[in-house]
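Asker: Got a structure for you, written out below as structure tokens; questions coming shortly.
None of the figures in this text is laboratory data; all of them are computed from the coordinates on show. None of these values were measured; they are calculated from a predicted model. So basically every Cβ, Gly included, is an ideal-geometry build from the backbone, and we count neighbours across all protein chains shown.
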């Protein structure tokens, strides 16, 4: 495949896996947790590099998972010690992120890892580091990582579909029915972390938030059914990847930036024109009597 | 205490929010097959009492047992109907689906709800007079209808003991009737129900037991013996103007 094709495939994989996870992030009202984890995985990746002295998909995943869980755990702990939830989120992720930034500039510095790259990502370079996979040929490492993560995410969404639904809608009921709500919460945070880590190389820490939240918020405007919301959200993510690449090629600008911009544009169009929740529909037809 | 047929035993229970102690030294027992209303002024800790008993809020001291067992062991026999405002009604799901959620514990991991589960959920909706709304998105239901969905969800759990937090708050008259009919039916089946209630007027009509709560239990017993002016004044404080059953001028709708 050409470099262009690999870039688009990678971007589409980011769009798809972030789109799926984003739906539950929004429904669990933890959209800002995505922001936090997208920053703290930097610390996880840096520490993983310092320990293993190399950047491999596996070490990054493990570092990212640990950082993500640490974030979720610290936020939860601070909150249970009477710090407001939003405040504890803000405290935890900025502190962990700052440690990551300091470690990069003091202890790592010389390699592939730099703050600019961590924040913005650079999808253009992805096709240069490939690895051989039997049956598939040479595949960019980042793309392979995203494929694996997408499979994991889809697997867990399907296996625990009804558990995600009930713990998102009514965690109190879930707890009173004897479901392991806390365990599911940390499993969910693990999935968010690996999605973020895998998307990190492509779109960077800041824009991964756009990919996690905006397509899901857009899908929410179009449907009242969870299954459809997942499909639409994943679809909007992929669509943003294609259109974003087109815009980037046309304007000769950052691909990840153009992708994030596209998610925003699709949201605005949906916000105006969605038949059920759109702004225009409110003006066109009066609110129906129930 | 060993020979009593109490299915709930609460001993020296206390609980707090942050630094404020909301419940202190709560002691009471509830017998099987009773319909108890928990009444008290705003902020008396009525919801907190239920939540603490069901381990949804941390206990400071004391213990609670159900059917002679700990909550953990009795969990499956207990149904809880939270306040309507405790969930996000914009969640992308329909009424039937919400009721089916009451069965998730029984369905277990790695299984999807089967036709018979959906059937059971539908029957519960039917019982609450909501079968026509089974496929309605939950945000498009009125407050009373949402409350009926919650009740239906509790019914499918087939619990022996139910806790309900303000099920009659802000619902229309016909919903109130439907809910009370269901509570009566549960009682006939020998089930036990504890309801946080805000309307003193309807206590004698709807319930057979009453528990007066204001941070601690002021009185608890049968409505005939316990629902007295002096207990009401004691619990609510001095200037409680209160209409007795005979004085009130309320006509119930016949729908």
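Asker: Using r as the Cβ-Cβ distance of residue B:126 and residue A:225, and R0 as 30 Å, what FRET efficiency do you calculate, to the nearest 0.05?
Answerer: Working from the Cβ atoms, E equals 0.85.
Asker: For residue A:99 and residue A:2, what does the FRET efficiency come to when R0 = 51 Å and r is the distance between their Cβ atoms, rounded to the nearest 0.05?
Answerer: Result of the calculation: an efficiency of 0.80.
Asker: Can you sort B:202, A:276 from fewest to most other Cβ atoms within 10 Å of each residue's own Cβ?
Answerer: Ranking B:202, A:276 by Cβ neighbours within 10 Å, fewest first, gives A:276, B:202.
Asker: Once label points are set 7 Å from the Cα along Cα→Cβ at both residue A:77 and residue B:169, what is their separation, rounded to one decimal in nm?
Answerer: Between residue A:77 and residue B:169, the simple spin-label model gives 3.5 nm.
Asker: Could you work out which residue, out of B:175, B:48, B:228, moves most in a Gaussian network model of chain B, that is, has the largest mean-square fluctuation with Cα springs under 10 Å?
Answerer: For chain B, modelled as a Gaussian network with Cα springs under 10 Å, the answer is B:228.
Asker: Still on this structure, please answer the following. How do A:86, A:201 line up, fewest other C-beta atoms within 10 Å first?
Answerer: Ranked by crowding around the Cβ, least crowded first: A:86, A:201.
Asker: Counting other beta carbons within 10 Å of each Cβ, put A:108, A:51 in order, fewest first.
Answerer: The most exposed by this proxy come first: A:51, A:108.
Asker: Still on this structure, I have one more. Within the range A:237-272, list the residues whose amide N lies under 12 Å from a label point set 7 Å along Cα→Cβ of residue A:283.
Answerer: A:272
Asker: Can I ask one more? Hey, got the average number of other protein chain Cβ atoms within 10 angstrom for residues in A:162-171?
Answerer: Counting other chains' Cβ atoms within 10 Å and averaging over A:162-171 gives 6.
Asker: In a GNM of chain B with a 10 Å cut-off on Cα contacts, which of B:212, B:109, B:163 has the highest mean-square fluctuation?
Answerer: Judging by the Gaussian network model, the answer is B:109.
Asker: I've got another one for you. If each DSSP helix of 4+ residues adds -39,500 (n - 2.57) and the sum is divided by the residues in chain B, what number results at 222 nm, nearest 500 deg cm²/dmol?
Answerer: Here the helix-only value at 222 nm equals -8500 deg cm²/dmol.
Asker: Still on this structure: Any idea how far the Cα center of the range B:130-205 sits from the one of the range A:269-283, in Å?
Answerer: 35
Asker: Sticking with the crude label model, points 7 Å out along Cα→Cβ, report the distance from residue A:182 to residue A:125 in nm, one decimal please.
Answerer: So the two model labels end up 4.2 nm from each other.
Asker: Please state the equivalent ellipsoid semi-axes for the range B:180-233: what are the square roots of 5 times the Cα gyration tensor eigenvalues, largest first, in whole Å?
Answerer: The three semi-axes for the range B:180-233 are 21, 11, 10 Å.
Asker: Could I ask something else about it? Stretch residue B:115-residue B:61 to full length: gain in nm at 0.36 nm per residue minus the Cα-Cα span?
Answerer: 15.0 nm
Asker: So what is the 222 nm mean residue ellipticity for chain A from helices alone, if each DSSP H run of at least 4 adds -39500 (n - 2.57) and you divide by all residues, rounding to the nearest 500 deg cm²/dmol?
Answerer: -26000 deg cm²/dmol
Asker: Further, regarding this structure: Just to verify a number: FRET efficiency for residue A:136 and residue B:17, C-beta to C-beta distance, R0 = 35 Å, to 0.05?
Answerer: 0.05
Asker: Taking a quarter of the surface of the Cα convex hull of the protein assembly as shown, what do you get in nm²?
Answerer: Averaged projected hull area, Cα only: 30.8 nm².
Asker: Something else: Most mobile of A:186, A:49, A:161 per a Gaussian network model of chain A (Cα springs, under 10 Å)?
Answerer: Maximum fluctuation in the GNM of chain A, among the listed residues, is at A:161.
Asker: Could you work out the mean count of beta carbons from other protein chains within 10 Å of each residue's beta carbon in A:174-187?
Answerer: Mean number of neighbouring Cβ atoms from other chains: 3.
Asker: Considering the Cα trace of the range B:19-88, what is its radius of gyration and what is Dmax, both in angstroms?
Answerer: Gyration radius and largest Cα-Cα distance of the range B:19-88: 13.0, 37 Å.
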